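This report refers to the structure that appears directly beneath it.
The values are calculated or read from the model by the stated rules, or taken from the named source; none is laboratory data. What you see is a predicted model; the values in this text were computed from it and never measured. Here the Cβ positions follow ideal geometry from the backbone for every residue, glycine too, while neighbour counts run over all protein chains shown.
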Amino acid sequence: MTVRVLMVGLGAVGQRHARNLRALLGDELVLSAWRSKTGGARITDQLTVTDGSPDDDCDGGVFSDLSEALACAPHIVVVATPTRLHVPTARAAIDAGADVFIEKPLSDTDDGVDDLLAVAESSGAVVAIGCQMRFSPALRRLRGILAGGELGRLITVQVEQAEHLPSWHPYEDYRTSYAARRELGGGVVLTQIHELDYVRWLFGAPRRLFAVGGRLGELEIDVEDTATILFQHEVDGRPLPVTVHLDYLQRPSRRTCRVVGDRGTVEIDLRTSCLIRRDTTGCVVESDDFAGYSRTQLFRDEMAEFLRCCRERTAPPTGLHDAAATTRIALAVHRSLATSAMQELT
């Protein structure tokens, strides 16, 4: 069976999704693309430049007009444009009868989100958001530990994601990337929204938050480069403080999660995919090394799950309602940064 997929955007992440779709669908895939400009760098999973153009992989054609591309009736549309364009592009794809995979975050504003939710629900379209950290074997193991109550009463959670923005994509000027530009929906809070998503997945929706940060470094950007957020969650009827730190500045990079309970502690290094659980004496009682599970596999697994949901017409684990809720948390973080005030969440 032929599966027609339209890529809307073929930057680094769009090319990664295209490769994974080819690996998963093989000869069944007919790949086309809408691009604001043709050519450009061909980027590997290791974020290095290789020979050729990303257009070379598009056996279904490359379009400069979105309406013309959608008129070819793709079964699936992958939205990998700058954040500011996600909602209107997804709406056009649903109107054209396609299932949609939207790269994170859903949006940088509430505008059009409720309408998109309603249209997706009424059409029956399968819509997923690219939150691949939910497929991390370390985080999935942590979720199992929490469900089993092995840490006892939870005391605190500390999450950190820090990476030097100019080092992300060495093949481009960081100042021109969507992550660095307000007009495209950039900034560390939205760009690193994975941490907000998986914290909500593990501990439920927060009740309130307070954030400190802004442009604290010397990067040439017009968005926040740092945010430290204190969330108040509730677990088993008790408040749980969760701290999330995000920044574009640190070298070397860090991506960690530490959960403390009155019966033990779990520490995860998400860059090495290593989980260590200790008892209250500090002795290691569990050590899981998922180093063989690569970052590439995270993206491939999320796309495989999306394709399964499309075939079986089931709701994806990272659907629109989840994405809308997490986006509203991110927008509340922005409000707290701007006003220095606590934000109540409903």
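Overview of results
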item: Residues satisfying the stated conditions in region 75-101, i.e. among the hydroxyl-bearing types (Ser, Thr, Tyr) and touching an Asp or Glu at 6+ places or on another chain (Cβ under 9 Å); result: Thr81, Thr83
item: Per-region count, region 59-81, residues surrounded by 15 or more Cβ atoms within 10 Å (Cβ to Cβ) and either more than 19 Å from Phe299 (Cβ to Cβ) or in contact with a Pro (Cβ under 7 Å, 6 or more places away or on another chain) (or both); result: 9
item: Candidates Ser64, Ser32, Ser53, Ser36, filtered to the one that is under 21 Å from Leu190 (Cβ atoms), among the hydroxyl-bearing types (Ser, Thr, Tyr) and in the same structural domain as Asp111 (by TED's automatic domain parsing); result: Ser36
item: Every pair of residues 6+ apart whose Cβ atoms lie under 6 Å, when the first sits in region 230-246 and is modelled with pLDDT under 95 while the second is surrounded by 13 or more Cβ atoms within 10 Å (Cβ to Cβ) and part of a strand (DSSP E or B); result: Val235/Leu154
item: Number of the exception - Leu275 against (1) modelled with pLDDT under 95; (2) crowded, with 18+ Cβ neighbours inside 10 Å; result: (1)
item: Top-ranked residue in region 86-118 [being without any contact (Cβ under 8 Å) to a residue 40 or more places away in the chain and of a type in the set (A, V, I, L, M, F, W, C); ranked as nearest to Thr314 (Cα to Cα)]; result: Val100
item: Residues of region 152-165 satisfying the condition of being crowded, with 18+ Cβ neighbours inside 10 Å and under 16 Å from Thr226 (Cβ atoms); result: Val159, Glu160, Gln161, Ala162, Glu163, Leu165
item: Given (1) closer than 20 Å to Thr327 by Cβ; (2) modelled with pLDDT of 95 or more; (3) in contact with a helix residue (DSSP H, G or I) (Cβ under 6 Å, 6 or more places away or on another chain), index of the condition Tyr178 fails; result: (2)
item: Condition met for Thr191 (hydroxyl-bearing (Ser, Thr, Tyr), on the phi < 0 side of the Ramachandran plot and out of contact with any strand residue (DSSP E or B) (no Cβ under 7 Å at 6 or more places or on another chain)); result: yes
item: Number of positions in region 1-47 that are of a type in the set (Lys, Arg), in contact with an Asp or Glu (Cβ under 9 Å, 6 or more places away or on another chain) and outside any strand (DSSP E or B); result: 4
item: Criterion (at pLDDT below 95 and within 28 Å of Cys274 (Cβ to Cβ)) met by exactly one of His194, His169; result: His169
item: Qualifying residue in region 96-112 (condition: more than 24 Å from the chain's Cα centre (by Cα) and at pLDDT 95 or above); result: yes
item: Residue within region 191-205 that is touching a helix residue (DSSP H, G or I) at 6+ places or on another chain (Cβ under 9 Å), surrounded by fewer than 22 Cβ atoms within 10 Å (Cβ to Cβ), in a loop (DSSP other than H, G, I, E, B) and touching a residue at least 60 places away in the same chain (Cβ under 8 Å) present; result: yes
item: From Leu29, Leu25, Leu21, residue being closer than 20 Å to Arg300 by Cβ, in contact with a Leu (Cβ under 7 Å, 6 or more places away or on another chain), surrounded by fewer than 21 Cβ atoms within 10 Å (Cβ to Cβ) and touching a residue at least 12 places away in the same chain (Cβ under 8 Å); result: Leu29
item: Residue list for region 48-81, restricted to those being among the hydrophobic types (A, V, I, L, M, F, W, C) and assigned to a loop (DSSP other than H, G, I, E, B); result: Cys58, Ala71, Cys72, Ala73, Ala80
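Quick grid of which residues meet (1) surrounded by 15 or more Cβ atoms within 10 Å (Cβ to Cβ); (2) outside the structural domain of Asp110 (by TED's automatic domain parsing); (3) in a loop (DSSP other than H, G, I, E, B); (4) out of contact with any Cys (no Cβ under 9 Å at 6 or more places or on another chain):
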site	(1), (2), (3), (4)
Val212	no, yes, no, yes
Glu218	no, yes, yes, yes
Asp222	no, yes, yes, yes
Phe231	yes, yes, no, yes
